[in-house]
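First up is the structure itself, then whatever we jot down about it.
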Amino acid sequence: MNLAVSASQYHSGTATAASRIDSMSVVGTYDLGVVKPMAFWASEKNSSGARIDAYLVGATAPLGPMGELRATYSYYDRKSSGNDWTKLALGYLHNLSRRTALYGTYARIDNRGGSTQIITTTGFGNAPISQPLTNRPGASSSGLEFGIRHIF
């Protein structure tokens, strides 16, 4: 069993408009042999009182001697509004050797209320990317990735 707990506090802003973000998270996994379930909870609150909680459940399972199936479902709850979203991700990893693997992942975000989260090259969110992508409030976004990983 693996368990991790974290807490942090960030300070930024100016002398007249200071801001603070408090965050906490807990994650746990347990290897049952045929499947490795995981659970995650995180919470962030800023100095103006806005808060978001994130919940994730997922699992990895070996498929044959070289493959691994991956699945997660997460829910992001903005406590001060109904602008929440969910994310589903399904993936497969195929080991070519001890250090090299091919992988692929499909992910979909379903927004609620005025939320406009999107799948981007950095995973999700309104992160800075080379070409700006937008989404309509309450709409969904999906993405597909393929890649190769090599550990040096």
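The values are calculated or read from the model by the stated rules, or taken from the named source; none is laboratory data. Predicted model only: the values in this text are computed from it and were never measured. Neighbour counts are summed over all protein chains in view; Cβ atoms, including those assigned to glycine, are modelled from backbone coordinates with ideal geometry.
Couple of notes before you dig in:
- Note on segment 7-51: residues that are surrounded by 11 or more Cβ atoms within 10 Å (Cβ to Cβ) and either of a type outside the set (A, V, I, L, M, F, W, C) or at pLDDT below 95 (or both) total 20.
- Against the test of being closer than 23 Å to Gly147 by Cα, polar (S, T, N, Q) and not in a loop (DSSP other than H, G, I, E, B), the options Thr120, Thr60 yield a single qualifying residue, Thr60.
- Residue match in segment 34-42 (condition: in contact with a Pro (Cβ under 9 Å, 6 or more places away or on another chain) and outside any strand (DSSP E or B)): yes
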